[in-house]
Amino acid sequence: MTDTINFPVYTDKYFSGTREDLIKLVEAQVSTYRFEHILRVEKMALQLAEKWQVNPEKASIAALTHDYAKERSDADFLAVIDAKHLDSDLKNWGNYLWHGVVGAEMVHDELAISDQDILDAIRQHTTGAAYMTTLSQIIYMADYVEAGRDFPGVTEVRQLAFDDLAASVGWQTRHTLEFLLQKQGPIYPGTMTTYNEWSTK
C-alpha cells in the first residue's frame with residue numbers, strides 16, 4: 001500500500017474522452033459528499049490495480065462510475081428496468097441494489113461505456129457475484145475500504161485486500177451478511193450466492 005497514485009491517461013479504448021472529462025460528467029450527477037467518496041474509491045482501486053496487475057484505465061473508469069447512478073430517482077431506475085426488460089424481481093428491491101445493477105445500464109447508455117469487465121464491476125460492486133473478475137473484486141473492495149471508511153476491522157481488511165484479494169472479498173461479504181442479519185431485513189439472494197462462493201472456503 002502506497003500513498004503515491006499514478007492516474008492513467010485514457011486511450012479512448014473504454015471511454016471517448018479524458019479522465020478529466022469523465023470526472024466532470026460524474027460530478028454533475030452526484031452530491032459533493034458522494035463525489036468525494038468516488039474519488040477516494042478511484043485512488044484505492046488504482047493502488048489495488050497496481051498490486052494485482054489489472055489495467056489501471058479500466059480500474060479508474062469503473063471506480064469513477066460505480067456510483068454514477070447512486071442519487072437517481074426510483075422512477076429513473078424503474079423506467080430502465082422496464083425499458084431494458086431486466087429481471088422484474090429487481091423492482092422488489094431498492095437503491096442499494098439498483099444503483100449498481102441498473103446503474104450499469106445508465107453508464108452504458110449515457111456515457112457510452114460498453115466494456116463488459118467495467119460494466120460487470122459496476123453491477124457487482126455492492127452484492128458481489130459467484131464469479132468476479134479481478135477488476136470486479138478490486139472495485140468491490142475499493143468501495144468498502146477507501147480511505148474515508150471507518151468501522152471495526154477496516155485497517156485489517158484494507159491490508160488484507162493487498163495481501164489476499166479473494167480472502168478480502170470473503171471478509172467483506174461475511175461481515176456485510178452479519179450486518180444485514182442483525183437488521184433483520186430481507187437479504188438479496190445474490191448476496192447469499194456471493195457469501196457461499198467467497199466466504200465459506
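The values are calculated or read from the model by the stated rules, or taken from the named source; none is laboratory data. Just so we're clear, the structure is a prediction, and the values are computed from it rather than from any experiment. Note: ideal-geometry Cβ built from the backbone for every residue, glycine included; neighbour counts use all protein chains shown. Side chains included, ligands, DNA and RNA excluded: accessible areas come from the protein's heavy atoms. Shrake-Rupley method; radii C 1.70, N 1.55, O 1.52, S 1.80 Å.
Summing charges over all other residues whose Cβ lies under 10 Å from the Cβ of Ser168, with Lys and Arg as +1 and Asp and Glu as -1, gives -2. Given axes a ≥ b ≥ c from the Cα gyration tensor, I'd like to know whether the range 55-169 is rounded (a/c under 1.5), prolate (a/b larger than b/c) or oblate. It comes out prolate by the Cα gyration axes. Within straight-line reach of Lys91, meaning a Cα separation under 29 Å, sit the following lysines at least 8 residues removed in sequence or on another chain: Lys70, Lys183.
Remark: spin-label model distance Asp21-Asp82 equals 3.3 nm, labels positioned 7 Å along the Cα→Cβ axis. A full extension of the chain between Asn6 and Leu180 corresponds to an added length of 59.0 nm, given 0.36 nm per residue minus the alpha carbon distance. Taking other residues whose beta carbon is less than 11 angstrom from the beta carbon of Ala121, and scoring Lys, Arg as +1 and Asp, Glu as -1, yields -2. Here the range 50-189 exposes an accessible surface that is 50 percent carbon and sulfur, computed with a 1.4 Å probe and the other protein chains kept in place.
In summary, the aspartates and glutamates within cross-link reach of Lys84, defined as a Cα separation below 17 angstrom excluding same-chain residues under 8 places away, comprise Asp74, Asp76, Glu105, Asp109, Glu110, Asp120. Solvent-accessible surface of the range 1-146, averaged per residue with a 1.4 angstrom probe and all protein chains in place: 45 square angstrom.
Each of (1) 118; (2) 107; (3) 134 is a candidate for volume of the Cα convex hull per residue in Å³; the one calculated from this structure is (1).
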